[in-house]
Amino acid sequence: MQVILLKKQVEYIVSTVSATIPGSASNTAAESYRLSVTGMSCAGCVGAVEDALNAVPGIDQASVNFAEHTATYSGDAAVEDVVSAIKAAGYGAAVMRGVADEEEKEAAELSFYRGLLKKSVVAGVFGFPLFVAGLFDALPPVTTDGGQMFWLITGVITLAVFAYSGGHFYSGAVNSFRHHSANMDTLIALGTGSAWLFSMAVVLFPDIVPSLAQHAYFEAALIIISLVNLGNALEMRARGKTSEAIKRLIGMQPRTARVVRDGKERDVPIADVGLEETVRVRPGEKIPVDGEIIDGSSTIDESMLTGEPMPVSRKAGDTVIGGTLNKTGSFLFKASHIGNETVLARIIELVRDAQNTKPAIGRLVDKISAVFVPAVLIVAITTFLIWFNIGPEPRFAYALVSMMTILIIACPCALGLATPISIMAGIGKAAENGILIRNGEALQLAGKLTVVVLDKTGTITEGRPEVSTVHVLAAKDEQELLSLAAGMEKQSEHPLAEAVIDAAKKQDLSFADVEQFQAVSGKGVMATVEGVTVLLGNERFMRDESIDLSGLDELLSVPENIMATPVILARDGVLAGVLMIQDQVKKDSAATIKALHRLNIRTIMLSGDRQQSAEAIAAMVAIDEVIAEVLPEEKEQVIRKLQAEGENVAMVGDGLNDAPSLARANVGFAIGSGTDVAIESADITLMGGSIRGVPVAIELSRATVKNIWQNLFGAFVYNSVGIPIAAGILYPISGLLLNPMLAGAAMAMSSVTVVTNANRLRFWKPGK
């Protein structure tokens with residue numbers, strides 16, 4: 001049974017994300033690509049890149065991840081056209097196709113990080129000595145010949161430092177201007193550029209300004225460039241820590257595989273492993289790709305896939321997953337999925353896609369960021385005019401300093417990072433716990449849940465029921481009854497079908513040949529056997545088909561049958577027998593329900609099973625409410641009714657008949673070992689067979705949303721307080737005017753603070 005469930009799990013991931021992998025067979029019409037984007041410095045850049053992408057003919061959908069500096073698009077547009085469009089907008093771009101590209105991107109980011117540090121040091125080496133000398137009044141005045149020459153040389157050196165340490169700000173500002181937009185580069189370039197131009201004007205023509213305004217601001221501009229580069233470098237380093245979940249997943253795949261070719265074993269790069277190729281795995285090695293064991297057995301640590309710490313036994317015929325760790329035995333397996341088709345590769349894509357999505361709160365921030373920079377420019381110009389017209393002498397100097405300070409302090413980096421950086425950390429943390437969240441919206445909504453509705457079979461219970469007793473009524477004997485039932489169930493996907501088939505196999509019985517098989521959703525199955533109509537299912541099915549069930553109630557009231565589920569077989573309109581099937585409650589179901597109650601969440605068990613059996617199971621795990629004997633459409637109606645009462649509802653299930661209710665719920669949780677349809681209908685997938693991930697996901701959602709609001713609060717408060725102070729609102733009261741250098745430091749640190757706060761999620765643990 002475990003093998004079947006794992007195969008279903010593999011098939012799910014293969015089918016779920018095939019549309020997201022370039023070149024996949026199922027996605028020939030509209031492929032999906034991921035690009036590394038360089039040069040983005042703020043939320044305004046995100047909008048510019050998205051606009052450039054959406055303007056390319058053939059692109060159906062595009063999104064940009066500022067935190068990861070990547071862009072994703074789907075459609076039939078040529079990659080070359082997309083890359084050209086991004087470059088034309090003033091940014092660098094390169095398509096990413098695999099692990100090698102990830103490593104290349106990481107190496108490029110490390111090089112860029114070191115470059116930012118060097119640029120920060122160079123600007124600081126020239127700027128800080130000037131700043132310290134100015135504090136001690138050790139700099140010559142610009143009105144003397146020697147002083148004018150000193151400041152002229154300083155201005156030229158400053159310009160050279162600008163070209164090296166700040167060239168990317170100015171080129172970014174020019175590109176934004178060419179595309180009729182504005183971003184952080186615009187603010188930095190205008191602030192430092194105007195400071196340099198004013199300073200050079202004072203040096204060359206000191207008499208054009210009053211004596212009180214005869215001051216050069218080269219040191220301020222240099223230190224601003226130094227601090228902003230340092231802040232960007234620290235932010236980049238912190239961002240890298242946020243995406244460590246993805247890096248760890250990528251790192252789980254070994255670099256080489258030991259393949260058997262021409263009767264000999266040899267080590268080859270993992271990219272050279274072919275489909276159907278035989279691969280050897282020795283104790284302590286990671287399994288390179290997905291496949292099926294053909295010889296040998298072992299215990300395998302699958303915690304990276306399921307979050308379950310205990311190794312599981314695998315033997316010939318069982319499925320193994322690339323990236324999992326072989327613990328004991330040596331075995332041979334045949335490769336079934338390679339490259340981007342492996343489960344691990346698709347999990348990485350699922351996590352990455354989820355990190356790229358924007359919940360409602362993120363879309364709101366995007367809208368604000370889109371108008372933020374133009375608004376800041378208007379405020380800065382207005383502030384300049386106010387100081388220049390009604391400010392104290394030297395008016396021009398005060399006006400320039402105030403405008404420059406506003407431009408520097410108002411950079412919206414922190415605002416643009418506030419949501420995506422927390423979403424990245426939260427979804428990455430969920431993946432570490434065996435929880436795959438398909439989009440940021442689900443992560444945000446999970447924390448608002450008030451009711452969790454759980455299916456019984458395969459969700460609260462193990463989903464591996466066994467036939468406990470067989471009651472023969474109108475059949476020849478137990479063997480005939482089991483043969484008929486197994487023949488009916490061999491085409492069914494219902495969890496109870498496996499129990500019937502296993503019972504028949506244990507007795508080495510042949511299965512009855514059935515014709516005209518038909519599954520009746522929520523009730524059972526019907527078919528023709530040797531020209532006679534045979535029904536197999538629950539009480540409701542039998543009553544609907546007018547089968548006489550006299551004496552069944554007495555049979556079901558026997559103590560050992562109270563928790564059993566009756567599977568009734570009728571032949572030619574006559575009750576032939578009853579199979580009693582029992583399912584054990586999962587070990588952690590009671591603890592999970594207790595954890596949900598601790599989170600003040602009401603729990604409901606929704607089952608197609610009979611009321612008495614469902615209530616017995618519910619009592620064992622302390623479920624608040626039981627709704628039994630319901631059809632699939634009735635399950636969906638229960639969810640709808642709860643929502644109409646104002647509840648935020650989660651549905652947890654694994655069966656085909658759970659799909660409508662999973663789709664209807666505010667958040668659908670699918671058990672990863674369940675059917676493909678159920679998983680594709682859900683928002684969150686629990687990769688193991690346990691439901692313990694439900695309260696974990698809810699707690700993580702609350703922690704992530706809280707983290708986002710902390711980031712947004714800090715970013716908004718920073719700008720709300722910083723801009724008025726930079727404009728000089730405190731000057732008439734206290735004579736305080738914010739120094740542009742302090743503004744640069746504050747701007748840089750605000751982004752670092754947001755990213756650092758988001759990184760706290762990396763240390764989050766359930767129940768804390």
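Checking the structure you have, find out if any residue of segment 398-406 is in a helix (DSSP H, G or I) and farther than 30 Å from Ala233 by Cβ.
Taking segment 398-406 first, the residues in a helix (DSSP H, G or I) are 398-406.
Of the ones still in play, those that are also farther than 30 Å from Ala233 by Cβ are 398-399.
Looking for residues that are in a helix (DSSP H, G or I) and farther than 30 Å from Ala233 by Cβ, one finds at least one in segment 398-406, hence yes.
Checking Thr143 against (1) surrounded by fewer than 16 Cβ atoms within 10 Å (Cβ to Cβ); (2) more than 15 Å from Leu204 (Cβ to Cβ); (3) β-branched (Val, Ile, Thr); (4) touching a helix residue (DSSP H, G or I) at 6+ places or on another chain (Cβ under 8 Å): exactly one of these is not met. Which one?
(2)
Could you tell me how many of the residues in segment 40-90 are in a helix (DSSP H, G or I), over 21 Å from Ile188 (Cβ atoms), in contact (Cβ under 8 Å) with a residue 40 or more places away in the chain and open to solvent by less than 10 Å² (accessible area, probe 1.4 Å)?
Residues flagged as in a helix (DSSP H, G or I), over 21 Å from Ile188 (Cβ atoms), in contact (Cβ under 8 Å) with a residue 40 or more places away in the chain and open to solvent by less than 10 Å² (accessible area, probe 1.4 Å) within segment 40-90 amount to 2.
Condition check ((1) aliphatic (A, V, I, L, M); (2) open to solvent by less than 10 Å² (accessible area, probe 1.4 Å); (3) closer than 15 Å to Gly426 by Cα) across all residues:
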position	(1), (2), (3)
Ala703	yes, no, yes
Phe716	no, no, no
Ala726	yes, yes, no
Leu730	yes, no, no
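Quick one: in segment 181-209, of everything that is assigned to a loop (DSSP other than H, G, I, E, B) and at pLDDT below 75, which residue is farthest from the chain's Cα centre (by Cα)?
Our first condition is that a residue be assigned to a loop (DSSP other than H, G, I, E, B); within segment 181-209, this holds for 181-183, 205, 209.
Cutting the leftovers down to at pLDDT below 75 gives us 181-183, 209.
Values: Ser181: 30, Ala182: 30, Asn183: 27, Val209: 57 Å.
Out of the qualifying residues, it is Val209.
Taking the stated definitions as given, is Ala380 touching an Asp or Glu at 6+ places or on another chain (Cβ under 7 Å), under 30 Å from Met40 (Cα atoms) and modelled with pLDDT of 80 or more?
No, not satisfied.
Output the qualifying pairs, or none if there are none: Cβ atoms under 7 angstrom, residues six or more apart or on different chains, first residue in segment 105-127 and in contact (Cβ under 8 Å) with a residue 12 or more places away in the chain, second residue basic (Lys, Arg).
Tyr113/Arg237
So which residues in segment 460-497 are open to solvent by less than 50 Å² (accessible area, probe 1.4 Å), touching a helix residue (DSSP H, G or I) at 6+ places or on another chain (Cβ under 9 Å) and in a helix (DSSP H, G or I), if there are any at all?
Within segment 460-497, Ile460, Leu482, Ser483, Ala485, Ala486, Gly487, Met488, Glu489, Pro495, Leu496, Ala497 qualify.
Of all residues in segment 371-401, how many are farther than 17 Å from Pro732 by Cβ and among the β-branched types (Val, Ile, Thr)?
So the answer is 6.
For segment 500-523, which residues satisfy the criterion of being farther than 12 Å from Ser483 by Cα, in contact with a strand residue (DSSP E or B) (Cβ under 7 Å, 6 or more places away or on another chain), of a type outside the set (Phe, Trp, Tyr) and surrounded by 12 or more Cβ atoms within 10 Å (Cβ to Cβ)? Before the answer, list the steps.
Filtering segment 500-523 for residues farther than 12 Å from Ser483 by Cα gives 515-523.
Next cut, in contact with a strand residue (DSSP E or B) (Cβ under 7 Å, 6 or more places away or on another chain) only: 515-520, 523.
Among the residues that remain, those that are also of a type outside the set (Phe, Trp, Tyr) are: 515-516, 518-520, 523.
Once the filter is applied, which keeps residues that are farther than 12 Å from Ser483 by Cα, in contact with a strand residue (DSSP E or B) (Cβ under 7 Å, 6 or more places away or on another chain), of a type outside the set (Phe, Trp, Tyr) and surrounded by 12 or more Cβ atoms within 10 Å (Cβ to Cβ), segment 500-523 yields Ala519, Val520, Lys523.
Collect the residues in segment 569-593 that are over 47 Å from the mean Cα position of the chain (by Cα) and of a type in the set (Lys, Arg), keeping them in residue-number order.
Arg571 - this is the single residue of segment 569-593 that is over 47 Å from the mean Cα position of the chain (by Cα) and of a type in the set (Lys, Arg).
Being within 23 Å of Glu104 (Cα to Cα) and either among the small types (Gly, Ala, Ser) or at pLDDT 85 or above (or both) is the requirement here; does Ser226 meet it? Spell out the reasoning first.
On the way: within 23 Å of Glu104 (Cα to Cα): no; either among the small types (Gly, Ala, Ser) or at pLDDT 85 or above (or both): yes.
It is false that Ser226 is within 23 Å of Glu104 (Cα to Cα) and either among the small types (Gly, Ala, Ser) or at pLDDT 85 or above (or both).
Of the residues that sit in segment 569-624 and are assigned to a loop (DSSP other than H, G, I, E, B) and open to solvent by less than 10 Å² (accessible area, probe 1.4 Å), which one is modelled with the highest pLDDT?
Within segment 569-624, the first condition is being assigned to a loop (DSSP other than H, G, I, E, B), and the residues that meet it are 572-573, 583-584, 586-588, 599-601, 607-610, 622-624.
In the following step, the residues that additionally are open to solvent by less than 10 Å² (accessible area, probe 1.4 Å) were identified as 601, 607.
Values: Ile601: 96, Ser607: 84.
Step by step, filter segment 569-624, then rank; the result is Ile601.
For Ser673, are the conditions met, namely being small (Gly, Ala, Ser), surrounded by fewer than 24 Cβ atoms within 10 Å (Cβ to Cβ) and either modelled with pLDDT under 75 or within 17 Å of the chain's Cα centre (by Cα) (or both)?
Numbers: small (Gly, Ala, Ser): yes; surrounded by fewer than 24 Cβ atoms within 10 Å (Cβ to Cβ): no; either modelled with pLDDT under 75 or within 17 Å of the chain's Cα centre (by Cα) (or both): yes.
Against the criterion (small (Gly, Ala, Ser), surrounded by fewer than 24 Cβ atoms within 10 Å (Cβ to Cβ) and either modelled with pLDDT under 75 or within 17 Å of the chain's Cα centre (by Cα) (or both)), Ser673 does not qualify.
Taking Met526, is it open to solvent by 30 Å² or more (accessible area, probe 1.4 Å), in contact with a Leu (Cβ under 7 Å, 6 or more places away or on another chain), aliphatic (A, V, I, L, M) and more than 16 Å from His471 (Cα to Cα)?
Numbers: open to solvent by 30 Å² or more (accessible area, probe 1.4 Å): yes; in contact with a Leu (Cβ under 7 Å, 6 or more places away or on another chain): yes; aliphatic (A, V, I, L, M): yes; more than 16 Å from His471 (Cα to Cα): yes.
It is true that Met526 is open to solvent by 30 Å² or more (accessible area, probe 1.4 Å), in contact with a Leu (Cβ under 7 Å, 6 or more places away or on another chain), aliphatic (A, V, I, L, M) and more than 16 Å from His471 (Cα to Cα).
The values are calculated or read from the model by the stated rules, or taken from the named source; none is laboratory data. Remember, predicted model here, so these are calculated numbers, not experimental data. No Cβ is skipped: glycine too gets one built from the backbone with ideal geometry, and neighbour counts run over all protein chains shown. The protein model used for the area step is the full one, side chains on, heavy atoms only, and it has no ligands, DNA or RNA in it. Shrake-Rupley method; radii C 1.70, N 1.55, O 1.52, S 1.80 Å.
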